[in-house]
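Colleague: Please read through the structure below; I'll follow up with questions.
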Amino acid sequence: MGIDTDKYYTPPAVANRALERAQLVSKPIVCADTACGSGSLLIAAENVLNARYGVGIDSDPHAIQQLRRARPDWRLYVGDLLKRNRAPPTGFPGANYGVDLLVLNPPFSLGPRKYVTVKYLGRSVKCSVAMAHILRSFELFRPIQGAIAVVPESLLYSNTDQHARELLDHNFSFTELLQLSIYTFKGARVNSLFVQIAPQISRRDSSIQINTTQLDIIPVTVVRGGLQMHAFERSPSGARVIHSTALRSIATGGVATISDKTSSTAKGRISGWMLLLPRVGLPNKEAFCAFYSRDEVQLSDCVIGMTFPSKLEAFCVQRRIVANWQSLLSIYKGTGARYITIARFVDWLYDVGIRDCNALKKISGLTLV
């Protein structure tokens, strides 16, 4: 596939700290790393988890050569994991044939592409290169206790990896172990973290329940803007265009401060009482306030809007969101720039007692309690 292999190795101290936080049902005997690099994760598995044997694959022959000299007791192989159709031999003296735990720091870089395609459980899955390595590692090794992996933050939230997450969610749960500094990997600045991907012990009842005794639920209509800022047609008699960079000026001077107007029509045309948030980049509390526009405004694709039937509901939602501001900031995720998806935002609103009318219309088979 010609994937660009990242060479940002996990610092040993960071590997140790992450594995110390793992919750395992038993001591792993055999651990495998499918992009093992310098071997720091396999070494940490020995030191922290008391693993006895290591299996490593890496596309860099020099890295494998160095590891073979340092660790002749490991099973080490040169190769591109995404091109393998079967796992290498994993039998060790006194151990079962198989891998107990994966310890992974997969490549992050996609180069010019938006996704790669891999096979998992008989399905073709489009996903990020990091997720592709995780899926193939699970497919080939079938680890008994799942995996502990360094992943880009976007892997847990992006639309690119949504299908892969849904497939994994049938049998595994994701738990964050350690948030990493953007300076963790020398030569790269990425938002990343250690996660544990563990087999599900039990599944909760998936039916949705709404507690009708909650009297302070506030309905809103969530709208994502859709106008591409580089492509719209300006028109002095068109609708005002609201981009994320304009939110501060609206907060201080109202919608009349917006000079850009367009004749282009895209999703995200709204009017009346509204609250706006940036979809990309962290929101500013001082730029978050309810305002009214009699005429329709056009939201850019970097803005999320909430509309209300009255001023009272708009200001109630404003106060509730501001009261939960740090929680709101925590759901802006991303390997590079922080961003939020509509689905993630709607789920968060639900948790703070604000219901998106569009989402409620799509729910069927509700259980009322």
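The values are calculated or read from the model by the stated rules, or taken from the named source; none is laboratory data. The model shown is predicted, which means the values in this text are computed figures rather than measured ones. FYI the Cβ positions are ideal-geometry reconstructions off the backbone, even for glycines, and counts take in every protein chain you see. To get the accessible areas, we keep the full protein, side chains included, count just its heavy atoms, and leave off ligands, DNA and RNA. Shrake-Rupley method; radii C 1.70, N 1.55, O 1.52, S 1.80 Å.
Colleague: Out of everything in the range 31-42 that is crowded, with 24+ Cβ neighbours inside 10 Å and part of a helix (DSSP H, G or I), what residue ends up being nearest to the chain's Cα centre (by Cα)?
Modeller: Step by step, filter the range 31-42, then rank; the result is 41.
Colleague: Quick test of your reading of the structure: residue 86 fulfils all but one of (1) more than 28 Å from the chain's Cα centre (by Cα); (2) surrounded by 17 or more Cβ atoms within 10 Å (Cβ to Cβ). Name the failing condition by number.
Modeller: (2)
Colleague: Also, I was wondering about something else. For residue 240, work out the one condition from (1) touching a residue at least 12 places away in the same chain (Cβ under 8 Å); (2) more than 21 Å from residue 327 (Cα to Cα); (3) surrounded by fewer than 17 Cβ atoms within 10 Å (Cβ to Cβ) it doesn't fulfil.
Modeller: Residue 240 satisfies every listed condition except (3).
Colleague: Find all pairs meeting these conditions: Cβ atoms under 7 angstrom apart; at least six residues apart or on different chains; first residue within the range 16-30 and open to solvent by 50 Å² or more (accessible area, probe 1.4 Å); second residue at pLDDT below 90 and in a helix (DSSP H, G or I).
Modeller: none
Colleague: Starting from residues that are open to solvent by 40 Å² or more (accessible area, probe 1.4 Å) and out of contact with any strand residue (DSSP E or B) (no Cβ under 7 Å at 6 or more places or on another chain), keep the ones in the range 330-341 and report whichever is farthest from residue 352 (Cα to Cα).
Modeller: This residue is 336.
Colleague: How many of the residues making up the range 44-72 are small (Gly, Ala, Ser) and in contact with a Phe, Trp or Tyr (Cβ under 8 Å, 6 or more places away or on another chain)?
Modeller: Matching residues across the range 44-72 total 2.
Here is a yes/no grid of residues against (1) touching a His at 6+ places or on another chain (Cβ under 8 Å); (2) open to solvent by less than 20 Å² (accessible area, probe 1.4 Å); (3) closer than 19 Å to residue 341 by Cβ:
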residue: 260; (1), (2), (3): yes, no, no
residue: 276; (1), (2), (3): no, yes, yes
residue: 281; (1), (2), (3): no, no, yes
residue: 293; (1), (2), (3): no, yes, no
residue: 300; (1), (2), (3): yes, yes, yes
residue: 303; (1), (2), (3): yes, yes, yes
residue: 306; (1), (2), (3): no, yes, yes
residue: 316; (1), (2), (3): no, no, no
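Colleague: Here's something else I'd like to know. State yes or no: is residue 9 in contact (Cβ under 8 Å) with a residue 24 or more places away in the chain, touching a Ser or Thr at 6+ places or on another chain (Cβ under 8 Å) and not β-branched (Val, Ile, Thr)?
Modeller: So residue 9 fits the description; yes.
Colleague: Can I ask one more? Looking at the range 109-162, which of its residues are in contact with an Asp or Glu (Cβ under 6 Å, 6 or more places away or on another chain) and either at pLDDT 90 or above or closer than 27 Å to residue 51 by Cβ (or both)?
Modeller: Answer for the range 109-162, where residues must be in contact with an Asp or Glu (Cβ under 6 Å, 6 or more places away or on another chain) and either at pLDDT 90 or above or closer than 27 Å to residue 51 by Cβ (or both): 120, 127, 128, 131, 144, 145, 155.
Colleague: Could I ask something else about it? Name the pairs whose Cβ atoms lie under 6 Å apart, with the first residue in the range 141-164 and more than 15 Å from residue 331 (Cα to Cα), the second open to solvent by 60 Å² or more (accessible area, probe 1.4 Å), and 6 or more positions between them or separate chains?
Modeller: 160/115
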